[in-house]
Amino acid sequence: MRAERVGELLAELPPAPEPWVRAAQELPRARREIDRLVALARADPELSAVLLANAETALRSVGLEPAPRVVAALRARLRG
C-alpha cells in the first residue's frame, strides 16, 4: 500500500477522543518520573519498600495521576 493511500485512509478516521490525546501527551513525563522514582528506589532499599506499598501516593507526590496502568507500571519496574 502506498504511503499516500495510508495518509488518505488515516485522514478519514474520526479524531481521537480527548482523554486519549491527554494520556498520550502525559506519557513521556510519566515515563521520566517513573524512571526517576525507580532510580531512587534502587539506591535505597527502604525507599523501594515504601514506594511499593504506597505507589499511588508516590505518583501523586511527583504530580502524576495514579491511574491503574501507571501504578502497575511503577510496581512492575520496582519489582523488576
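What follows is calculated from the coordinates using simple rules that are stated; it is not laboratory data. Treat the numbers as computed from the prediction; the structure is a model and nothing was measured. Using ideal geometry, Cβ is built from the backbone for each residue, glycine included, and neighbour counts are taken over all protein chains shown.
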> What are the ³J(HN,Hα) values, in whole Hz, obtained from phi via the Karplus relation 6.51 cos²θ - 1.76 cosθ + 1.60 with θ = phi - 60°, for each residue of segment 67-80 in sequence order, with x given for Gly and Pro?
Replying inline: 5, x, 5, 5, 4, 4, 5, 4, 4, 4, 5, 5, 7, x
> Which Cα, out of ASN54, LEU64, PRO17, lies furthest along the positive dipole direction of the chain (beta carbon charges, K/R +1, D/E -1)?
Replying inline: ASN54
> Measuring from a point 7 Å past the Cα of LEU27 along Cα-to-C-beta, which residues in segment 59-80 have an amide N at less than 13 Å?
Replying inline: 70
> Quick one: if you stick a label point 7 Å off each Cα along the C-beta vector at ALA67 and LEU47, how many nm between them?
Replying inline: 2.6 nm
> In debye to the nearest 20, how big a dipole does segment 19-79 give about its Cα centre with +1 on each Lys and Arg Cβ and -1 on each Asp and Glu Cβ?
Replying inline: 220 debye
> Given the chain, what whole percent of its Cα pairs are spread farther than 18 Å?
Replying inline: 50 percent
> Okay, helix-only estimate at 222 nm for the chain: each DSSP H run of n ≥ 4 adds -39500 (n - 2.57), divide by all residues, round to 500 deg cm²/dmol; what do you get?
Replying inline: -25500 deg cm²/dmol
